[in-house]
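> Encoded as structure tokens, here's the structure I'll be asking about.
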Amino acid sequence: PASSDADEKKPGKAKKGGVVEEIERLRQQREQRRRKMEEDRKTKEDEKSHNEAMGLPGDVDFQRMVTQFRTDSKSGKALSPIMGQGAGGKGSSQAVGIWVCVRKRPLNDKEVGRREIDTVTVVNPKCHVHECKFKVDGITKFLENHHFAFDRTFTDSTPTQSLHECCSRPLVDFALRGGGRRATIFAYGQTGSGKTYTMRGMQSLLCSDLYDGLEGNPHKDDLDVSVSFFEIYGGRVYDLLNNRQRLQVLEDAKQEVQVQGLCERPAKNAKDLHDIIEYGHSVRTTKATSTNADSSRSHAVCCIALKLPRTTPLPSPPERKQLVPQPPPDKFTVYSKLTLVDLAGSERAQDTRHHNRARRVEAAEINRSLLALKECIRALAVESSSGPPASQAGASPWASPSGAGGGAGGGSGSHIPFRASKLTMVLRECFVCSASRTLMIACVSPGMASADHTLNTLRYAARLKETPDSPQPAG
Ligand code: ADP
Ligand code: MG
């Protein structure tokens, strides 16, 4: 025990010296850490100023992680499970009538000015969204990557021409085969994601393709091409080719939906068709600014109809400026129809906490219509996947080149919930027609600030080709 006393005193002395040493050691460590932090900060600043000089976006860490992801995905490093695989061409039984694509637009000047990071990576047919996040410590940054696959994805450098050749030209060819075929193109996405840009670009390419295709058509001399263009705003329909006149939508005894008094303007050639459509677009934008009713809150529906006279010859086309209502439809039979729908900004559907009641009502209407559209397309997917088997898969994006003749399919479509919104109601024939093809273009903004909306858009698009969990029985 005595020795133990002595032993205890010695370490006591040593402890004293040890404490001083310990303090010094800690001080040095602290100094080292401080130097390291200072160095890191300087490196980051250098990198940042380098990036700025190179015109690269802001947050260096996130930017580095996104760049790393792109390098990894190029070198084929394994990626996490993918949403929307049904659309990714996995070879499983698929809906033939629906094609879902994604188009990413380039960062715009504003986003570049804000030094926003480009958080969307497109590697056809995949699309990855990188959410920039912090761990619970509030300091450590990490990327949450979301993976999707579609029928086709287009990068921000893909011109509309390529999109058209890949997606909308096959639809023009489809429509030119007649037999009451219906081709419908939707542009979905948040405001500013490029819906109108894509639609307008496609429309003008489609116009010339249509007339080129008509050249070799056996009905060339009899086919009458006409166009109607209207807007659905807050559940009300306005004619963009007739002073934005308000129109009524009626469903007749045969369940066929009519937009009463809708102006249908004949187009003799591609330029005519293009000019009429552009006129509609200009009405949409000018009216929007003058009435504080911006286009992000309305759906624009442009319908190009190819018709054959049934019994009587075609009346002479009316003057361009004189907007004469169409001749009674029973004098014609629909050869085919191409419908292009520029949807309301998808973020508007969530605008439900707005202080203005009118805005809330509008938002609810948009929400209802986009949900109804999704359900109708999903129901359509069920219908078409149980339809005729593919016989010439490959060349066209749509697996089956066939499609029965007649117009609105008799017994089919009975469980398609088209009545749930004005939008789906006016598009009823696109859903119930037995020979229909639908193209959905999901437009996304690349900026970091849009990541939430981008994710919502891609989730919506991915759901379109999934069949409903519990299909409702007919009737
Ligand atoms: P939305 O109709 O979805 O609200 P817009 O089509 O009006 O969006 O596009 C917003 C802006 O972005 C426009 O100025 C448009 O010219 C531009 N833009 C959109 N997509 C592209 C693209 N793929 N390439 C270049 N600019 C684009
Ligand atoms: Mg638009």
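> Filter region 176-194 down to residues that are near ligand 2 (Cβ under 9 Å from one of its atoms), open to solvent by 10 Å² or more (accessible area, probe 1.4 Å) and not polar (S, T, N, Q), then give me how many there are.
Going through region 176-194 one residue at a time, the tally reaches 2.
> Moving to a separate point now. Just for region 90-107: of the residues that are assigned to a loop (DSSP other than H, G, I, E, B) and at pLDDT below 95, which one is nearest to ligand 2 (Cβ to nearest atom)?
Once the filter is applied, the top-ranked residue is 97.
> Moving to a separate point now. Restricting the search to region 44-83, which residues are open to solvent by 50 Å² or more (accessible area, probe 1.4 Å), modelled with pLDDT of 70 or more and aliphatic (A, V, I, L, M)?
Matches in region 44-83: 65 only.
> Going by the conditions given, is residue 225 farther than 15 Å from residue 442 by Cβ and more than 16 Å from ligand 2 (Cβ to nearest atom)?
yes
> While we're looking at this one, here's another question. Here is a check on your reading of the model: is residue 220 of a type in the set (D, E, K, R) and either touching a strand residue (DSSP E or B) at 6+ places or on another chain (Cβ under 9 Å) or crowded, with 22+ Cβ neighbours inside 10 Å (or both)?
Spelling it out, it is not the case that residue 220 is of a type in the set (D, E, K, R) and either touching a strand residue (DSSP E or B) at 6+ places or on another chain (Cβ under 9 Å) or crowded, with 22+ Cβ neighbours inside 10 Å (or both).
> If you don't mind, another one. Every residue in region 170-203 that is farther than 22 Å from residue 369 by Cβ and touching an Asp or Glu at 6+ places or on another chain (Cβ under 8 Å), please.
Within region 170-203, 172 is the sole residue that qualifies.
> Checking residue 337 against (1) open to solvent by 10 Å² or more (accessible area, probe 1.4 Å); (2) assigned to a helix (DSSP H, G or I); (3) in contact (Cβ under 8 Å) with a residue 60 or more places away in the chain, only one condition comes out false. Which one?
(2)
> To continue, here is another question. Looking at region 350-377, which of its residues are open to solvent by less than 10 Å² (accessible area, probe 1.4 Å) and either within 16 Å of ligand 2 (Cβ to nearest atom) or in contact with a Lys or Arg (Cβ under 8 Å, 6 or more places away or on another chain) (or both)?
363, 366, 369, 370
> Could you name every one of the strands (runs of 3 or more DSSP E) located completely within region 139-243 that has at least 3 residues being within 16 Å of ligand 1 (Cβ to nearest atom), in contact (Cβ under 8 Å) with a residue 12 or more places away in the chain and of a type outside the set (D, E, K, R)?
Once the strands (runs of 3 or more DSSP E) in region 139-243 are filtered for at least 3 residues that are within 16 Å of ligand 1 (Cβ to nearest atom), in contact (Cβ under 8 Å) with a residue 12 or more places away in the chain and of a type outside the set (D, E, K, R), what remains is 181-189, 224-233.
> So which of 131, 116 ends up being of a type in the set (Asp, Glu) and part of a loop (DSSP other than H, G, I, E, B)?
116
> Another one. Going by the structure shown, is residue 87 open to solvent by less than 40 Å² (accessible area, probe 1.4 Å), out of contact with any Cys (no Cβ under 6 Å at 6 or more places or on another chain) and at pLDDT below 90?
So residue 87 passes the test.
> Quick test of your reading of the structure: residue 197 fulfils all but one of (1) open to solvent by 10 Å² or more (accessible area, probe 1.4 Å); (2) modelled with pLDDT of 95 or more; (3) away from ligand 2 (no atom under 15 Å from the Cβ); (4) not hydrophobic (A, V, I, L, M, F, W, C). Name the failing condition by number.
Evaluating residue 197 over (1) open to solvent by 10 Å² or more (accessible area, probe 1.4 Å); (2) modelled with pLDDT of 95 or more; (3) away from ligand 2 (no atom under 15 Å from the Cβ); (4) not hydrophobic (A, V, I, L, M, F, W, C) leaves (3) as the failure.
> Which residue is farthest from ligand 2 (Cβ to nearest atom), if the candidates are limited to region 417-446 and must be out of contact with any Phe, Trp or Tyr (no Cβ under 8 Å at 6 or more places or on another chain) and among the small types (Gly, Ala, Ser)?
434
The values are calculated or read from the model by the stated rules, or taken from the named source; none is laboratory data. Not measured: the values here are computed from a predicted model. For neighbour counting, all protein chains shown are included, and Cβ atoms are generated from backbone atoms with ideal geometry for every residue, glycine included. Side chains included, ligands, DNA and RNA excluded: accessible areas come from the protein's heavy atoms. Shrake-Rupley method; radii C 1.70, N 1.55, O 1.52, S 1.80 Å.
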